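The block underneath contains the structure these notes are about, expressed in structure tokens.
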Amino acid sequence: MADDKDVLRDVWFGRIPTCFTLYPDEVTEREAEPFYLLLPRVSYLTLVTDKVKKHFLKVVKTEDVGEMWFEYEGTPLKWHYPIGVLFDLHASNTALPWSVTVHFKAFPERDILHCSSSSVIEAHFMSSIKEADALKHKGQVINDMQKKDHKQLWMGLQNADKFDQFWAMNRKLMEYPTEEGGFRYIPFRIYQTMSDRPFIQKLFRPVSPEGHVLTLGDLLKEMFPAAICQDDEPKKYQVVIHGIEPLFETPIQWLSEHLSHPDNFLHICIIPSPSD
């Protein structure tokens with residue numbers, strides 16, 4: 001892969017200042033102070049919120065404690081989406097810190113998966129990596145790795161400062177034969193709040209049959225043409241990856257190598273442009 005290590009590092013160390021507050025109906029005699037955290041964009045809510053749980057359990061009645069879950073402005077937050085995706089999708093144009101509400105009651109069964117332990121997160125994470133590698137290399141790279149290599153990827157994600165440990169192994173998942181010009185298919189997901197569909201995910205090659213390098217704009221033309229406005233039209237949508245709006249001319253292969261999450265998917269959020 002092209003080695004833009006600074007980009008990889010910036011993506012890895014991206015943080016979102018967040019203020020957690022307990023849902024008012026769940027507050028007991030003692031007032032619950034808000035809890036502030038810098039959340040890693042590339043991690044998962046249920047993986048980095050143990051401190052939040054400990055903080056609020058001090059003021060919640062034991063009989064009221066069910067599985068902890070989070071919401072933002074009435075929308076339950078899906079823990080199996082990376083934190084950066086949740087923020088970009090639901091809160092991109094709001095002031096920081098991100099204000100997230102904590103619940104211990106009334107788990108929204110229809111909106112969120114249960115997450116009883118970190119092993120559930122690990123299984124989801126490894127499943128995503130395997131799916132991504134099936135698209136990129138027919139699963140050959142991940143299948144050639146040993147169990148300890150898989151563990152190194154997971155341990156790297158669990159520890160926010162383990163950039164080098166994670167990338168020592170993840171680099172193998174980002175390689176491809178030079179003559180092919182890229183992966184077999186690009187693992188991507190396109191999210192929108194305006195749709196009932198969870199996300200768009202289809203097969204898309206990084207190079208055309210004629211050998212042309214395909215771009216983010218080419219992907220959007222095929223998957224979500226409304227995101228591309230004509231010259232005289234006002235911009236309807238923002239196309240956001242890791243909190244930035246990449247140029248549509250950016251090669252999709254480069255984006256896949258450098259702006260994918262640790263699960264090896266390129267997560268693209270399409271949100272309505274803010275009205276002035």
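The values are calculated or read from the model by the stated rules, or taken from the named source; none is laboratory data. Just so you know, these numbers come straight off a predicted model, no measurement behind them. Backbone-built Cβ (ideal geometry, glycine too); neighbour counts: all protein chains shown. Ligands, DNA and RNA are excluded from the accessible area calculation, which covers all protein heavy atoms including side chains. Shrake-Rupley method; radii C 1.70, N 1.55, O 1.52, S 1.80 Å.
Once the 1.4 Å probe is applied to the protein heavy atoms, the chain comes out at 51 Å² accessible per residue. The orientation-averaged projected area of the convex hull spanned by the Cα atoms of the chain comes to 16.1 nm². Relative to a virtual label point 7 Å from the Cα of Lys53 in the Cα→beta-carbon direction, which members of region 120-158 show backbone nitrogen distances below 14 Å? Those under the cut-off are 120-122.
Which percent of the accessible heavy-atom area of region 15-103 goes to carbon and sulfur, probe 1.4 angstrom?
Details: 2110 of 4170 Å².
On region 15-103, the fraction of accessible area on carbon and sulfur atoms equals 51 percent.
Computed log10 I(q)/I(0) for region 15-103 at 0.15, 0.19, 0.20, 0.21 Å⁻¹: -0.52, -0.83, -0.92, -1.01, from the Debye equation with unit scatterers placed on every C-alpha and solvent omitted. Only the Cβ atoms of Lys and Arg (+1) and of Asp and Glu (-1) were treated as charged; on that basis the dipole of the chain about its Cα centre amounts to roughly 820 debye.
Its Cα gyration tensor gives region 178-276 an equivalent ellipsoid; the semi-axes, largest first and in whole Å, are 23, 16, 12. Per-residue 3J(HN,Hα) values for region 36-53, derived from phi via the Karplus relation 6.51 cos²θ - 1.76 cosθ + 1.60 with θ = phi - 60°, read 9, 9, 8, 8, x, 4, 8, 9, 10, 3, 6, 8, 10, 10, 4, 5, 5, 4 Hz in sequence order (x marks Gly and Pro).
Contact order, relative form, for region 117-175: 27 percent (alpha carbon pairs under 8 Å, 6 or more residues apart, mean separation divided by residue count). Farthest toward the positive end of the dipole of the chain, out of Ile186, Pro97, Gln238, is the Cα of Ile186, where the dipole comes from beta carbon charges about the Cα centre.
Asp161 contributes about 110 Å² of solvent-accessible surface, heavy atoms of the protein only, 1.4 Å probe.
With a Förster radius of 35 Å applied to the beta-carbon distance between Asp64 and Ser195, the computed FRET efficiency rounds to 0.50.
Residues whose amide H comes within less than 5 Å of that of Leu22, counting only those at least five positions distant or on another chain, are Val102 (H built at 1.01 Å from N in the peptide plane). Dipole of region 18-152 computed with +1 at Lys/Arg Cβ and -1 at Asp/Glu Cβ about the Cα centre; of His137, Ser43, Thr62, farthest Cα towards the positive end is His137. Shown for region 117-175: the carbon plus sulfur share of the solvent-accessible area, taken with all protein chains present and a 1.4 angstrom probe, equals 48%.
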